[in-house]
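Undergrad: Okay, handing you the structure first.
Every read-out reported here was derived from the displayed coordinates using simple, explicitly stated rules and does not represent laboratory data. What you see is a predicted model; the values in this text were computed from it and never measured. Here Cβ is always computed from backbone atoms with ideal geometry, including for glycine, and neighbour counts include all displayed protein chains.
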Amino acid sequence: MLIGIDWGGTKIEAIAMERDGRELGRLRRDTPRHDYAGCIRMIVDLIGELEAATGRIGSIGIGIPGSLEPVSRLGKGASSTWLLGQPVEKDLRNAIRRDIRVENDADCFAASEAADGAGAGYNVVFAVILGSGAGAGIAINGRAHHGPNNSGGEWGHNPLPFPDITEIPGRPCYCGRHGCMETWVSGRAFEAEYARHTSEELKAWQVVEKMRAGDRLARMLWERYVDRLARGLATVVNTLDPDILVMGGGMSNVEELYDDLPPALARRTFSTVFHTPIRRALHGDSSGVRGAARLWA
């Protein structure tokens, strides 16, 4: 049995599944934000609940909202800033009391979709998460690609390409820089853009509903969002030219994205043609937890 944990900034999800992908059980809890020790206790409890419910012991794979520095194995690049500088892998192993595997959550997402999701059958999969933050993972031949700095796919912390005067220097990011892609194309960024124009705080899906109802401001902000996303992904296509782009996170559920993004991206790429398929993640927001389980597959 494979057990996967998706340690997210808003929820911690656990899954037990067979090696062929059949699900045996799933649990989800709200993340105790800014409580590092509390998060680890919750993960231990979720593993215990799954193993008690199935009567089986599973291998443990964990996806975290950041990555591990390849030498010290301390947490780095985490949007859940309470993981930064922490011996995450060591503390989890000591708490769970068995061997584990820990990887970046976006890498788990990419590997999951490459294995049996929207990216199955494609050699190079670039998987984008457009949720409370924005990130990405790269899977090559069905396996997550990391690189010597364990930083493969850190697309969300590149600057917005071709900024106009209103986009310079860009909004501050938790990483200490300004103008990161995450500050422009995350779900929270989309909501903040609407709030800046109206002083009304709506969820992203509510702004989309207003757009569908004919609201001109919501339509303008959506078109601006798609253009910024296209600019960011054009650098990926120009550099990596992946075989498929797989979209995950809350903003990936907007149906209009799959009609509006391809032509916008085609206008921004260097190539005179753009044939890259853009697909929604087959496993939705559960792809990351499935990928974490597959760290032992």
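Undergrad: In debye, nearest 20: dipole of the chain around its Cα centre with unit charges on the Cβ of K, R (+) and D, E (-)?
TA: Approximately 360 debye in magnitude.
Undergrad: Further question: Between ARG216 and GLU256, with labels modelled 7 Å along Cα→Cβ, what's the label distance in nm to one decimal, could you check?
TA: Reported label-point gap for ARG216 and GLU256 is 1.5 nm.
Undergrad: Normalising by the residue count of segment 163-297, find the relative contact order in percent from Cα pairs under 8 Å and 6+ residues apart.
TA: Normalised by residue count, the contact order of segment 163-297 is 18 percent.
Undergrad: If you place +1 on the Cβ of every Lys and Arg, -1 on the Cβ of every Asp and Glu, and leave all else neutral, what size is the dipole of segment 154-297 about its Cα centre, to the nearest 20 Debye?
TA: Value, rounded to 20: 140 debye.
Undergrad: With springs connecting C-alpha atoms under 10 Å apart, model the chain as a Gaussian network and identify which of ALA52, ALA266, ALA281 has the largest mean-square fluctuation.
TA: Per the Cα network of the chain with a 10 Å cutoff, ALA52 tops the list.
Undergrad: Same structure, new question: Can you compute the FRET efficiency between ALA53 and ASN141 using 1/(1 + (r/R0)^6), with r the Cβ-Cβ distance and R0 = 35 Å? Round to the nearest 0.05.
TA: 0.55
Undergrad: If you restrict to DSSP beta bridges whose two residues both lie in the chain, what percentage is antiparallel, to the nearest 5?
TA: 60 percent
Undergrad: Further question on the same structure: Debye calculation, C-alpha points only, no solvent: report log10 I(q)/I(0) for segment 1-147 at q = 0.11, 0.17, 0.21 Å⁻¹, in the same order as the q values.
TA: Values, matching the q order: -0.40, -0.99, -1.44.
Undergrad: For the chain, modelled as a Gaussian network with Cα springs under 10 Å, which listed residue fluctuates most, ARG98, ARG171, ARG33?
TA: So, out of ARG98, ARG171, ARG33, the one fluctuating most is ARG98.
Undergrad: Using only helices, what value at 222 nm comes out for the chain when you add -39,500 (n - 2.57) per DSSP H run of length 4 or more and divide by the total residues, to the nearest 500 deg cm²/dmol?
TA: Mean residue ellipticity, 222 nm, calculated: -11500 deg cm²/dmol.
Undergrad: Placing +1 on the Cβ of each Lys and Arg and -1 on the Cβ of each Asp and Glu in segment 212-254, which of MET251, ALA230, ALA218 has its Cα farthest towards the positive end of the resulting dipole?
TA: ALA218
Undergrad: Rounded to whole Hz and in sequence order, give me ³J(HN,Hα) for segment 134-146 from the Karplus expression 6.51 cos²θ - 1.76 cosθ + 1.60, θ = phi - 60°, writing x for Gly and Pro.
TA: My calculation for segment 134-146 gives 9, x, 7, x, 10, 10, 10, 6, x, 10, 5, 9, 10 Hz in order.
Undergrad: I would also like to ask the following. Work out how far the C-alpha atoms of segment 1-83 reach from end to end along every principal axis, then list the three figures in whole Å, largest first.
TA: 34, 26, 16
Undergrad: Hey, rough spin-label estimate for ALA95 and THR272, points 7 angstrom out along Cα→Cβ, what's it come to in nanometres?
TA: Label-label distance for ALA95 and THR272, simple model: 5.7 nm.
Undergrad: Test of understanding: what is the full-extension gain from HIS197 to LEU84, defined as 0.36 nm times their sequence separation minus their Cα-Cα distance?
TA: Taking 0.36 nm per residue and subtracting the Cα distance, the gain is 37.3 nm.
Undergrad: Can you tell me which of ARG228, ARG280, ARG177 moves the most in a GNM of the chain? Springs connect C-alpha atoms under 10 Å apart.
TA: Highest fluctuation of the listed residues: ARG177.
Undergrad: On each of the three principal axes of the Cα atoms of the chain, give max minus min coordinate, whole Å, ordered largest first.
TA: That works out to 55, 41, 40 Å along the principal axes.
Undergrad: With N residues in segment 138-238, what two-decimal value do you get for its Cα radius of gyration over 2.2 N^0.38 Å?
TA: 1.23
Undergrad: Stretched out fully, how many nm does the piece from ILE168 to THR239 gain, at 0.36 nm a residue minus the Cα gap?
TA: In short, 23.2 nm is gained.
Undergrad: Quick one: divide the alpha-carbon radius of gyration of segment 65-147 by 2.2 N^0.38 Å and tell me what you get.
TA: Normalised Rg, Cα atoms only: 1.17.
Undergrad: Let me make sure I get this right: for segment 72-112, a, b and c are the square roots of the gyration tensor eigenvalues over alpha carbons, sorted descending. Under 1.5 in a/c it's rounded, otherwise prolate if a/b > b/c, else oblate. Which is it?
TA: oblate
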